[in-house]
1. Of all residues in the range A:105-131, which are in a helix (DSSP H, G or I) and more than 25 Å from residue A:202 (Cβ to Cβ)?
2. Only residues that are farther than 12 Å from residue B:356 by Cβ and assigned to a loop (DSSP other than H, G, I, E, B): list them for the range B:304-338, please.
3. Of all residues in the range A:83-97, which are crowded, with 23+ Cβ neighbours inside 10 Å and without any contact (Cβ under 8 Å) to a residue 60 or more places away in the chain?
4. Output the number of residues of the range B:49-71 satisfying the condition of being within 23 Å of the chain's Cα centre (by Cα) and assigned to a loop (DSSP other than H, G, I, E, B).
5. When residues of the range A:216-251 are filtered for being at pLDDT below 95 and either closer than 15 Å to residue A:199 by Cα or not hydrophobic (A, V, I, L, M, F, W, C) (or both), how many remain?
6. Restricting attention to the range B:303-321, and to residues there that are surrounded by fewer than 18 Cβ atoms within 10 Å (Cβ to Cβ) and more than 7 Å from chain A (Cβ to nearest Cβ), which single residue is nearest to residue B:362 (Cα to Cα)?
7. Can you tell which of B:275, B:235 is closer than 24 Å to residue B:307 by Cβ and buried (at least 24 other Cβ atoms within 10 Å of the Cβ)?
8. Kindly indicate whether residue A:94 is of a type outside the set (Ser, Thr, Tyr), under 18 Å from residue A:254 (Cα atoms) and part of a loop (DSSP other than H, G, I, E, B).
Amino acid sequence: MIKMSDERILTASASPHIKSPATTSRIMLDVIIALIPALAAGVIIFGPRVLAVTAVTIAASVVSEHLSRKVMKRHNTLGDFSAVVTGLILAFNLPSTIPLWMAAFGSVIAIVVAKQMFGGIGQNFVNPAILARIVLMVSFPAAMLSSWENAFAWRGGGIDAVSSATPLAALGGTGGAPSLFQMFFARSGCIGEACAFALILGGLYLMAKRVILPVIPVCFIGTVAVFMFIYGAVSQKDALSFTLYHLLGGGLLFGAFFMATDYTTSPLSIKGKIIFAVGCGLITSVIRVFGNMTEGVSFSIILMNILVPHIDNMTAPTPFGVVKEKRRKRKKQSAEDACEKEVAST
Amino acid sequence: MGQKSSGILTAVKKVRGGVRVSHNKNTANLETVRIPTPSKVVIPMRMHIGAPCAPAVNVGDIVSVGQIVGDSTAFVSAPIHATVSGKVTAVGQVELPDGNISKAVTIESDGEMRLFDGIEPPKVETREDFLKAVRNSGLVGLGGAGFPTHVKLGFPQGKIDTLVVNAAECEPYITVDYRECIENSWDILSSIKAIKELLDIPNVIIAIENNKPDAIEVLSSIASAEEEGVDEIKVMTLSSRYPQGAEKIMIQSATGRRVPPGGLPSDVGCVVMNVCSVAFIARYLKTGKPLVSRSLTVDGSAVSEPKNIRAPIGTNIGGIFDFCGGFKEEPKKIITGGPMMGLAVIGTDLPILKQNNALLAFTEKDMLKGERDCIRCGRCAFVCPFSLQPTVVEALIKADDIEALKASGASICMECGSCSYSCPAGKPLVQTMRLAKYILKEAGDKNER
């Protein structure tokens, strides 16, 4: 039996004295786990170069994070794994053929410019990986856009090594689009978006682990589906398959599950998340249908990212027991009505 | 009102937010044991919300159990009684668990626990008699807040239509309310009847979390045992999600009504009483013995033999731990109350108070890790039962924006701890909310209505 001397000072801290098992690093680890199926699919579909690109973006992200924190004399934040997640997500946004130095440059943009210059984790106002993708896209359009590798091209054989158009571009053109089966399991595109199945698997894992709520992916994808179905029907195409190609094509699934759900750059309240996700869906659809660029998902997310502070202000929940002006009036009215009735009845 | 076939109600309105905590009700099946009479008790004069009492005895006086040792003329206050018989050895000061200094009466026990001669069952026929009796009993809210019960019950006649008996016990570890339901269920019933009749309250709802099936069974059997078969006493089960036992949350669950910011339960026609307080009233009406002891759950990773105990008020915390086999590992934190809202104390040389319901001791491995940067995940806002946004409040404090802070509603925070509990970055958000409340108070604004 251990006795305590009266002088011993115990830990005195504010309540609560227990904590849920959720930690920042555990959440980031879950995101990494959720990305692994898509990474594996990427390696199978585009070959071992995927691993090289991913290793470079992760390494460059981690090094940039470490150095920038040091230069800015802030505490080290490598332990939260957020830099690893940023690197991984950036890699997923790049074609497997990208020169490695460009991939590294992208990481520096993501970590230093988008994240650390605004204060580090939790402070960036746009998604770092998306900003880096857009910077790369604008700076090196040739490397980013016209070098899509066909699925399984790395194994050689009779398939064309390099296709000139993404599936969605092919859809708009003269055919040659892959089948829906291919679209679901293995298609050309960026590293992370080639296998819809793996992305859905990862997304479900995140929801099961309660890392993300389903509201953003569902509203984002749902909005695109509704828009595309109506557009398809109006423009007398096969509306259903048109919609499915759009849902499985481009970066929609990857963006909706992994990038639009980024905590820092999405609204806090459920109402806000709905507005944000519907906005993403609408902008994506409009760009895809009426625009020239292939950047529907990334532009939509980054535009909505910028609106997040305003959405948060507009959708701040009403504190418990506070009666909103309108409702109060209605209540007053109904109370008066009740009074009148009572008077009338007596 | 959602009604199950068994006649047990479920919550009228589902409550927002909250967190799932591991219950750790390790002592649920342990009968309450009375600790041996301590050799000395230190009875603080401030064990309730309101005016502290002034000592009514002098050094050298011989006192017996139930004799008044401190009283006040203020309305919001409750008299304090001797909890052991013996000799007053000091009338001085003591440090309370919250760090404040209070006047205190020290009594050296003669080990006999002689009852005070003047103790007899009070004559209660009217509302005024009843309130006077409750005041004389020294009863304060035993759930933890310590608000004088006679003040709570002193509402204008007819203002209250629902009495909610709070047996939720949503804090982890604590099992005293549960034991009260099991061990003293008839006290609960007779007290409810008295309150109902004398204070003219038509509806009574006993609210309890659904993780205590035994207690639910006992309570529903007493609720239906009422002779006339009037079903005015109902048992309502709540989902076992912290903080179902919080007063405003409970009122919403039971009646669907929302207490306005800065308001009291009586503003929406409700009064909420802890089940131990309710049971005590019955015993007082029967015997006239005032509040001199209370039951506590003693548990935590550092405690050798977790127990439910009944101890005289003013007993030394260290002595209670000794009775529970001492510590099996060195304690790093000792809490009076539950782990979500309880108070961490700095040592064991402190007296237990009327409103304490648990003593928990934790070892090194239960200590919280340091704080990291906010990742804006929104969990704090998502779990807040009052729809507040602690992370936004933190930013507003940094920005020194009083107006926005006022609009954020921070002043209604009840400090339930759900935000800090769920924060992955381990931020002390309750502390942030307290700071916000303090700033708003300083700014001369209590955000009333």
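The values are calculated or read from the model by the stated rules, or taken from the named source; none is laboratory data. Since we're looking at a predicted model, the values are computed, not measured. Here the Cβ is made from the backbone with ideal geometry for all residues, glycine too, and neighbour counts use every protein chain on show.
1. If the condition is that a residue be in a helix (DSSP H, G or I) and more than 25 Å from residue A:202 (Cβ to Cβ), then A:105, A:108, A:112, A:113, A:116, A:117, A:118 are the ones that fit.
2. Hits for the range B:304-338 are B:304, B:305, B:306, B:324, B:325, B:326, B:328, B:329, B:330.
3. Result: A:83, A:85, A:86, A:87, A:88, A:90.
4. 6
5. 15
6. Checking each candidate, the answer is B:305.
7. B:275
8. So residue A:94 fits the description; yes.
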